[in-house]
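To start, the structure itself, in structure tokens.
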Amino acid sequence: MANTGENTSPVVKTHKEDSVLQNGHTPSTLQVEEGPGESDIALFMDVAQRLEKELASIIVGQERVIRELLLALFAGGHVLLEGVPGLGKTLLVRTLSDALALKFARIQFTPDLMPADIVGTTIVSDQADSSSGGNKRIFSFQPGPIFANIVLADEINRATPKTQSALLEGMQERTVSVGDRTRPLPQPFFVLATQNPLEMEGTYPLPEAQLDRFLLKIQVNFPKAADLLRIIDTTVGTQSMHANEIADGEELLQLIAIGRAVPVATHIKEFAVRLLLATHPDQEDAPEKVRQYVRYGASPRGLQALITTSKVRALLEGRYNVSIEDLRAVAYPVLRHRIVLNFDGLADNVTVESLIDAIIEEVEAS
């Protein structure tokens, strides 16, 4: 474990402003430290390593996906998983909820799904009236599946934009407004959405504003031959795999707070700002490829995502401080859904990953 030479005794604070998570949630009793000490990093590493090992024992051949999912989890953000059917995206999310002992809800997005099917609705019910000796009708709220800790939005791009937008308030504000009341969602709260990149017929691509609310977009690639053999050995048999409980919701909130307490040096912040600005074609320091092929670049929310996920990656690597390597590693899942190609980029089959390569190379050379 790296040693900075500084006093590692944590200074504990309970000020609410210091415990605001990336999702806007402010746990009133959560303790947050000015800087993570050795005990904090040891706790973080222990839980993270056991969780990563538990997920890898069930989800075969997706080590990078699991690591990036943990980056978003410990940063308190949402994830968009993109991959062809059958790669274990749904199993990964369900396994994560089992390992964290969190309430899990799965929503299968279809063209006829309505917003009330997600957030809930107000219904009329009968209640005994002691004064009259009969029954009276009252309005009661029936919560939808969004009132869970981990919500799997399966094939999110198959629902209409009106239904997709039902997730927006919950993802950003951690609340749901139905009728004249706004109700808080349980904490912690994560939306893990999946979409199939191949099937375009009958789908509704997510608008940029909604894509921006996902902290990371994770590409789930097809497994290798050796991994496919392991999948046969572990799944085609009489035994069923089930994740052991690693942590609960309160522990997860504490780990998120520890991750946010990791310090970031000024030159690291400046590097992240240059990365973000380089995604915009109207910036003079933008690479030639960006000016030629990009329509819109990443928003300030992308800058926040770069910093928060870099902090988590530093802890996963056993370090106290964020490095340039951390920013370089998280740039791909953070920026790939926040860079919008123009017509030339689409016509020339330019990949966002190649643009991110050019951006990192340009910024490092400047």
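Some notes on this structure:
- Accessible surface of the chain, 1.4 Å probe, proportion on carbon and sulfur as whole %: 50 percent
- For the stretch 151-274: rounded, prolate or oblate by the Cα gyration tensor [a/c cutoff 1.5]: rounded
- Solvent exposure of the chain, expressed per residue, is 48 Å² of accessible area, with all protein chains present and a 1.4 angstrom probe.
- In the structure shown, the pairs 53/289; 103/162; 162/217; 162/224; 89/162; 89/289 are assessed against 30 Å; a Cα-Cα span above that value is assigned to 53/289; 162/224; 89/289.
- A cut-off of 5 Å between modelled amide H atoms, ignoring neighbours fewer than 5 places along the same chain, links residue 106 with 152.
- Leading residue at positive end of dipole, the chain (Cβ point charges), from 110, 152, 330: 110
- Prolate/oblate/rounded label for the stretch 147-192 (Cα gyration tensor, a/c 1.5): oblate
- 3J(HN,Hα) couplings calculated from phi for the stretch 161-178 with the Karplus curve 6.51 cos²θ - 1.76 cosθ + 1.60 (θ = phi - 60°) are, in sequence order, x, 4, 6, 4, 5, 5, 7, 4, 4, x, 5, 8, 9, 6, 9, 10, 9, 10 Hz; Gly and Pro show x.
- Relative to the longest principal axis of the Cα atoms of the chain, the long axis of helix 249-260 lies at roughly 30 degrees.
- Converting phi to 3J(HN,Hα) with the Karplus coefficients 6.51, -1.76 and 1.60 and the offset θ = phi - 60°, the stretch 111-126 yields x, 9, 5, 10, x, 5, 5, 9, 8, x, 8, 8, 10, 9, 9, 8 Hz in sequence order, with x at every glycine or proline.
- Crossing angle, helix 266-277 versus the chain [Cα axis fit, 0-90 degrees, rounded to tens]: 80 degrees
- For residue 296, residues with placed amide H under 5 Å, excluding near neighbours: 340
- The chain: angle of helix 63-75 to the longest principal axis, Cα-based, in degrees nearest 10: 70 degrees
- DSSP beta bridges fully contained in the chain are about 50 percent antiparallel.
- Counting only DSSP beta bridges whose two residues both lie in the stretch 94-169, roughly 65 percent are antiparallel.
- Phi to ³J(HN,Hα) by Karplus 6.51 cos²θ - 1.76 cosθ + 1.60 over the stretch 214-219, Hz, x for Gly, Pro: 7, 4, 9, 10, 10, 8
The values are calculated or read from the model by the stated rules, or taken from the named source; none is laboratory data. A quick note: this is a predicted structure, and the numbers were derived from the prediction, not measured. Because the Cβ atoms are built from the backbone with ideal geometry, glycine has one as well, and the counts that use them run over all protein chains shown. Please note that ligands, DNA and RNA were not included when accessible areas were found on the heavy atoms of the full protein model with its side chains. Shrake-Rupley method; radii C 1.70, N 1.55, O 1.52, S 1.80 Å.
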